[in-house]
Amino acid sequence: MAEASPEEFFTLAGEPRTPLDPRVLYDHLAQRWVACALDAKTSNVILAVSTNSSPIGLLNNWQKYEVNIAQSWTNPDYDTLGLDTNGIYLAAH
């Protein structure tokens, strides 16, 4: 399996991130991996979804998204990740 630091894995468009509280789940129904982490710099969640059942391939095997979940007065913490047949769910305190 390829090794990468959380900072390398959660990089978006070549821009380094500072991930906090990373979570990883395997979606056995869709045969894909799903990962998320809070970005300490922006308070957004970085969501990564593998394109197949292999977690290997940091550049080619993952679609990554930045999800704005913070209000202007909050600093989210304790992100969590869930999934079922209807979707992928993100939450934070």
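The values are calculated or read from the model by the stated rules, or taken from the named source; none is laboratory data. Quantities reported herein were computed from a predicted structural model and do not represent experimental measurements. So basically every Cβ, Gly included, is an ideal-geometry build from the backbone, and we count neighbours across all protein chains shown. Heads up: the accessible areas ignore ligands, DNA and RNA and are worked out on the full protein's heavy atoms, side chains in. Shrake-Rupley method; radii C 1.70, N 1.55, O 1.52, S 1.80 Å.
Residue count for region 31-43, restricted to those that are among the polar types (S, T, N, Q) and modelled with pLDDT of 90 or more: 1.
Of all residues in region 25-70, those being over 16 Å from Ala4 (Cα atoms) and among the small types (Gly, Ala, Ser) number 5. The number of residues in region 2-30 being part of a loop (DSSP other than H, G, I, E, B), under 16 Å from Ile88 (Cα atoms) and either modelled with pLDDT of 95 or more or touching a helix residue (DSSP H, G or I) at 6+ places or on another chain (Cβ under 7 Å) (or both) comes to 0. Just one of (1) under 13 Å from the mean Cα position of the chain (by Cα); (2) among the hydrophobic types (A, V, I, L, M, F, W, C); (3) open to solvent by less than 50 Å² (accessible area, probe 1.4 Å) fails for Val24. It is (3). Scanning region 31-65 for residues that are of a type in the set (A, V, I, L, M) and in contact (Cβ under 8 Å) with a residue 40 or more places away in the chain yields Val34, Ala35, Ala37, Leu38, Val45, Leu47, Ile56, Leu58. Looking across Gly87, Gly82, one residue alone is surrounded by fewer than 17 Cβ atoms within 10 Å (Cβ to Cβ) and under 13 Å from the mean Cα position of the chain (by Cα). It is Gly82.
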